[in-house]
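Student: Please see the structure below; I have some questions.
The values are calculated or read from the model by the stated rules, or taken from the named source; none is laboratory data. Worth saying up front: this structure is predicted, and the values here are computed from it rather than measured. Cβ sites come from the backbone with ideal geometry, for glycine too, and all protein chains shown count toward neighbours. Accessible surface is based on the protein model in full, side chains and every heavy atom, while ligands, DNA and RNA are left aside. Shrake-Rupley method; radii C 1.70, N 1.55, O 1.52, S 1.80 Å.
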Amino acid sequence: MSSRTKDVYLVIGGSGFLGRHVVEALLARGDAVSVFDIVQRYHDVPFYMGDISEEEQVADALRKSGATCIIHTASPLHGMDDPALYWKVNVDGTQAVINAAVATGVPKLVYTSSAGVVFNGNDLIDVDERIPQPEKAMDPYNESKAKAEQIVLAANGKGGLYTVALRPAGIFGPGDRQLITGLYQTWQRGQSHFQIGDNTNLFDWTYVGNCAYAHLLAADKLGPPNPAEIARLKEELQVALPSIECTTQRHRVPTSEARPLGPYVTPPPNAEKILANWEDPHYVPRVPRPAVRGKFDQFSEAALVREDNAQLQVAGQVFFVTNGEPTGFWDIPRIVYRFFDEHFEKPNTRRRIILPREVGLLLASAAEWWSWLVGKEPGFTRFRVTFSCAWRCFNIERTRRVLGYEPQVGLEEGLKRTLESWAAERQKVGKS
Ligand code: NAD
């Protein structure tokens, strides 16, 4: 039996893609959960219809549901031309959620931020949570998410409320309404042979189930600083974390203890053992491996002292959440395009055209200008070009150590589940 004291959850935005996965994860472990949203899509948990920018509506749902923990995943979708709406929901709405939580005595708030709050078009290579938010955000959506995150963190420890913000990168999975739909539209337009940039830029994605799991871990660990837990984490900092092998599985990397023997004239005394290790698919090289930390490491002695161990706490902190398996940006779209080719038996046989970033930016400017002229939403934008050519990969060591997060579903398996569910959904509505 777990020693966890059970919370009662209100998932704000629980009718959405990620929110629904959070609800399902909570139900799967037998927790009490209700949903607050502007639309109702499911009927298996208590539902409170409302808008987060109306504080009284949130407070009412908190009182009625008896929630002790809020998981706030609500936001308008990215990509709309409506800065006022983003501000109203993400900034004013998040402030209203905090006010309602304090007014009703709810002690925990887990906020879904976004890795996009630190992206302004520049390359992000293995950055950790110390990277500051840029002065100018990439767009109004990310600006509002960044501001909301600041509000959430500033509310920590005030009025009996503890808060934490998670920053997932590129969520995908069954129920997604953005990524696969966008790629499908590109494929339908016959544009799947275009690639912008040379695909050397690594990019992080997050399977939605992993992301939901991280939210539950954050909720479980959220609370006042725990000196015993901090001492335990500090001790563990001495040991390196194992690599993430969800998709790749364990590589048989030769070590002196496990490799096929070369043409020795005289085999070493432990030759049999070495060979047996090599043959054994479950052989794990000796652990623990010591962690080597330089001066600039977020967990170096100096950094821990400077930050007063804040990076080992949950409350008032941000955490990047990814699959920990960065890939070339175009790798995922290519797999999805190939799936469409096969699913619809309509392969795109045209030769791949690789446009340099600068050409992409020029074409996108022209497309944006044309869309403005004819009064349509542009499909091809400078944001998209910048996005697909930039490095965006994040260091998740803090999330793994402090939240105890390990991705449960690898990229490959996650993508398989996503595409199967996409095809099943289409079949349900009578499309091939
Ligand atoms: P989604 O649109 O599927 O879900 C959002 C939910 O919020 C919807 O059900 C919507 O009805 C609800 N909502 C919107 N405005 C509301 C309001 N005023 N009051 C109450 N409910 C409201 O989006 P998603 O992809 O599941 O994203 C969930 C969260 O994750 C968002 O906060 C988003 O910013 C963040 N995020 C998403 C991604 C991604 O790739 N999808 C990446 C990083 C961060």
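Student: Can you give me the Kirkwood hydrodynamic radius for region 71-130, using every pair of distinct Cα atoms, in Å to one decimal?
Tutor: Values: mean 1/r = 0.0730 Å⁻¹.
After inverting the mean inverse Cα-Cα distance, the result is 13.7 Å.
Student: Could you state the number of Å between the C-alpha centres of region 9-26 and region 222-270?
Tutor: Result: 35 Å between the Cα centres.
Student: With a 1.4 Å probe and all protein chains left in place, how much of the accessible area of the chain comes from carbon and sulfur atoms, in whole percent?
Tutor: After summing per-atom areas, the C and S share lands at 55 percent.
Student: Separate question: Given a cut-off of 32 Å, name the pairs among 147/376; 136/295; 273/416; 158/234 whose C-alpha atoms lie farther apart than that in the structure shown.
Tutor: Details: 147/376 29 Å; 136/295 29 Å; 273/416 39 Å; 158/234 27 Å.
Check vs 32 Å cut-off fails for 273/416.
Student: Also, quick follow-up: Could you please put 21, 78 in sequence from largest to smallest accessible area, using a 1.4 Å probe? Walk me through the numbers on the way to the answer.
Tutor: On the way: 21 35, 78 60 Å².
Greatest to least solvent exposure: 78, 21.
Student: Would you mind telling me the antiparallel percentage of the DSSP bridges in the chain, rounded to 5?
Tutor: Values: 5 of 39 bridges.
Taking every DSSP beta bridge with both residues in the chain, the antiparallel ones total about 15 percent.
Student: Please name which of 353, 222, 113 has its Cα lying farthest along the dipole of the chain towards the positive end, using unit charges on Cβ (Lys, Arg +1; Asp, Glu -1) and the Cα centre as origin.
Tutor: The residue sitting most towards the positive pole is 353.
Student: Counting only C-alpha contacts under 8 Å and six or more residues apart, can you give the relative contact order of region 301-432 as a whole percent?
Tutor: 34
Student: Which whole number in µm²/s is D for the chain by Stokes-Einstein, with the Kirkwood Rh taken over Cα pairs at 10 °C and 1.306 mPa s?
Tutor: Numbers: Rh = 23.7 Å.
The Stokes-Einstein estimate is 67 µm²/s.
Student: Per-residue counts of other Cβ atoms within 10 Å, averaged by peptide: what ranking do you get for 350-359, 324-333, highest first? Could you put the intermediate results ahead of the total?
Tutor: On the way: 350-359: 11.9, 324-333: 19.8.
Taking the mean over residues of other Cβ atoms within 10 Å, the ranking is 324-333, 350-359.
Student: Please state the charge dipole magnitude for region 289-432, taken about the Cα centre, from unit charges on C-beta atoms (+1 on K and R, -1 on D and E), reported in debye and rounded to the nearest 20.
Tutor: 400
Student: How big is the dipole moment of the chain about its Cα centre under a simple scheme where the beta carbon of each Lys and Arg is +1, that of each Asp and Glu is -1, and everything else is neutral? Debye, nearest 20, please.
Tutor: On the way: 48 positive and 51 negative charges, 110 e Å.
The dipole magnitude comes to about 520 debye.
Student: Taking amide H atoms as placed 1.01 Å from N in the peptide plane, list the residues 5 or more away in sequence, or in a different chain, whose amide H sits under 5 Å from that of residue 8.
Tutor: Under 5 Å from the amide H of residue 8 lie the amide H atoms of 68, 69, each far enough along the sequence or on another chain.
Student: Counting alpha carbon pairs within less than 8 Å and at least 6 residues apart, what relative contact order, in whole percent, applies to the chain?
Tutor: 20
Student: Taking the full set of protein chains and a 1.4 angstrom probe, give the accessible area of residue 87 in square angstrom, rounded to the nearest 10.
Tutor: About 100 Å², rounded to the nearest 10.
Student: Could you derive backbone 3J(HN,Hα) for region 49-59 from the dihedral phi with the Karplus parameters 6.51, -1.76 and 1.60 (θ = phi - 60°), listing whole Hz in sequence and x where the residue is Gly or Pro?
Tutor: In residue order, the calculated couplings are 7, x, 10, 5, 6, 9, 4, 5, 5, 5, 4 Hz.
Student: Using a 1.4 angstrom probe, figure out how much accessible area the chain has per residue, in square angstrom, rounded to the nearest whole.
Tutor: On a per-residue basis, the chain sits at 51 Å².
Student: Restricting to Cα pairs below 8 Å that are 6+ residues apart, what does the relative contact order work out to for region 1-120? Please round to a whole percent.
Tutor: Reported as a whole number, the value is 27 percent.
Student: Can you give me the C-alpha center-to-center distance between region 175-192 and region 37-85, rounded to a whole angstrom?
Tutor: 28
Student: Can you give the FRET efficiency for residue 359 and residue 40, using 1/(1 + (r/R0)^6), R0 = 35 Å, r = Cβ-Cβ distance, to the nearest 0.05?
Tutor: Once the sixth-power term is evaluated, E becomes 0.15.
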